[in-house]
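Okay, so here's the structure we're looking at.
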Amino acid sequence: MSWLLLALLVALPPWFLRCWAGVGLAAPGPSRLRWLGGGVWLGLALVGAVLWVGGSERVLAGSLALFGSLLALLAFWGGDLLWTARVQIGWTIALALLVGGGATSLLALPPSALALAGLLGAFLAQAVWLMENREARARLSRLLRRTRLWMVPLALSALVRVPVPLWPEGFALMSLLQMSLVTLAAVLWAWEKVGPRILLMGGAAFVLGLGVELLGSRSGFPFGLYSYASAPPPTLLGVPLIVLLGWFGMVLAAHVLAGGRPWLTGWLVVAWDLGLEALMPSQGYWVWQDPHPLWYGAPLQNYLSWFAMGAFLSWIYRNLAPELPHESGLAWAYRLEGLFLPMGLALFGLWPAALVCGVAMNALAWRGVRRATWFSRDGREVVP
């Protein structure tokens, strides 16, 4: 397995470069190199997560998951710069493999240790080279100058998802942490735009979300018959806190992505729920008991109600802060969810939900970006 991995590491990136760049290997575009390199390494990180969940070759799986993520960051930072030093970096990786191979033979280590040595060598060689490169340091400096406070929790919300496949028992903790970070990012982002009004918006979403969840879990209206009896803590009046945070943070992100249009926000929220209804019951957050299931136990009225809730919250946001959709930064929270949620569904073996949710979320998200309608401070529609 380790030798197969090494062969893929050597053969796949050049092949992808030929297909992606459409030119000779000596001259692919800088932007394409960064995105391609990051995508390849993220793909290998996903392979590592899948291997870990499957319980096979833990050293190899952990190495791929960890170093794949780290090398993806380096590729996004300066993949085009690293390409110019590919020969020197290649020799460094070869030396690391040689040392790793010797250690594997002398110490009778498993073959996966060789892959670990190669990945470690690749990371150290690229990290050191980038830190010594003037253009790479300039890029990092520009990035730090442009970084706003709300970007920090949003980035952390993506990073905390990485350990979930490696630590399935910590799903409840990591999911709550992730949604809390998204909510914090939403508050900080909106505070820059509308000030204290975001507290009113958050309070409205929290109260409305709590009220409709209490009504729904006790009466079956409007979502259908379901129960939070087995939900992991923390809960508020029996409703998981993560659900209430989602009604604010993720719906606000969908609202911004939709350009302030309630009907499109509703569809974005429904697309998100297509994945939640598969994932969250499998982790014990709620149990469906409805006699008319449509999708993973949830009835049609559940999705109609999610659409109505998303549209209504969007209408509230639009009236309280009509200028918010002029700034689309928080939309990345939804885009990141559209990336990580389908991946998580796939890792848990929920392939139909992964496919449907992934296609729905990303198709609607990018359509919303292209055709967003914006609003001025007095609420009038304007063309961007």
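Just so you know, all these numbers are worked out from the coordinates, no wet-lab data involved. Here the structure is a predicted model, which means the values were calculated and not measured. Heads up, the Cβs are rebuilt from the backbone with ideal geometry, glycines too, and the neighbour counts pull from every protein chain shown.
Quick look at the numbers
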| read-out | value |
| --- | --- |
| Spin-label model distance (nm) - Val359 vs Val128, 7 Å beyond Cα toward Cβ | 4.8 |
| Max mean-square fluctuation residue, GNM over the chain, Cα-Cα springs under 10 Å, options Asn133, Asn319, Asn302 | Asn133 |
| Cα principal axis extents for region 155-256, largest first, Å | 39, 36, 20 |
| MRE, 222 nm, helices only [DSSP H, n ≥ 4, -39500 (n - 2.57), over the chain, to nearest 500] | -25000 deg cm²/dmol |
| Candidates Gly62, Gly275, Gly260: whichever shows maximal mean-square fluctuation once the chain is modelled as a Gaussian network with Cα springs under 10 Å | Gly62 |
| Full-extension gain in nm, Phe221 to Leu300, via 0.36 nm per residue minus C-alpha separation | 27.2 nm |
| Hypothetical label at Ala229: residues of region 277-301 whose amide nitrogen lies under 12 Å (7 Å Cα-Cβ projection) | 287-289 |
| Translational diffusion of region 102-188, µm² s⁻¹ [Kirkwood Rh, Cα pairs; Stokes-Einstein; 37 °C; 0.692 mPa s] | 200 |
| Separation of the Arg146 and Phe206 label points, Cα + 7 Å toward Cβ, nm | 3.4 |
| Between 0 and 90°, nearest 10: helix 134-146 axis offset from the chain longest Cα axis | 10 |
| Efficiency of FRET from Cβ geometry, Arg86 and Glu192, R₀ 30 Å, rounded to 0.05 | 0.15 |
| Candidates Gly39, Gly102, Gly220, ranked by Gaussian network fluctuation over the chain, Cα under 10 Å, top entry | Gly102 |
| Folded to 0 to 90 degrees: helix 86-106 orientation relative to the chain principal axis, Cα | 80 |
| Under-5 Å amide H pairs with Thr235, H placed in peptide plane, nonlocal only | Leu241 |
| 0 to 90° range, to nearest 10: angle between helix 30-54 axis and the chain longest Cα axis | 80 |
